[in-house]
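Structure, as structure tokens:
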Amino acid sequence: MKLDATDFELFDVPATFAQDRAVLDARWKELLREAHPDRVAAQGAVAQRVAMQWSVRINEAYQRLKDPIKRAAYLCRLNGVTIDAEHNTAMPTDFLMQQMAWREQLDETGDAAGLQALQDEVDDARRRGLSSLDWLIDEKGDFAQAAAQVRALMFIERFGEDVEARLDRLGQ
């Protein structure tokens, strides 16, 4: 294992948006076994500390690779395009109008059926957004557009969490 390897190199998978989750899971377990501090216990504290650092690095890479939005953001960054969601909040007007309509619907809906319908709509928007990332990154190589889509998906994710929280409160 090389310290300066990308997450994709570390996991020995192609640097693409499309990934097989089972392959990532298996490779993660394999890497953790290889880097486990107990394997180097006889080599002393320094070797164990290095093994622990590798375990942290492996876990961080796994968290990025298994989450499609984090993976897309990482691929954008590797290709010179930052997401910068904290500062770059510009979104197309139709997307902002959709967000406002959803927010209004969330505020006005008081029953579980209405909230579930809203959650289904948000889940569908997420699926469409992820599908477009697959096309933008793996097919088109358009990392600037992919970064804009990642920012949009981050909004959708946060809103979906709000809907889910409201559903949870109704269930109590």
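We did not get these values from a lab; they are worked out from the coordinates using the rules stated. Note that the structure is a prediction, hence the values are computed from the model and not measured. Reconstructed Cβ throughout: ideal geometry from the backbone, glycine too, with neighbour counts over all protein chains shown.
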_Cα-only Debye scattering, the chain: base-10 log of I(q)/I(0) at q = 0.18 Å⁻¹_ = -1.09
*the chain - charge dipole about Cα centre, Lys and Arg +1 at Cβ, Asp and Glu -1, debye rounded to 20*: 800 debye
*Can you pull the one-decimal nm distance between simple spin-label points at Q63 and D84, each 7 Å off the Cα toward Cβ?*
2.5 nm
*Taking the alpha-carbon centroid of each part, what is the distance from region 118-146 to region 94-111 in angstrom?*
20 Å
*Sequence ranges 92-98, 22-28, ranked by mean other-Cβ count within 10 angstrom, highest first*: 22-28, 92-98
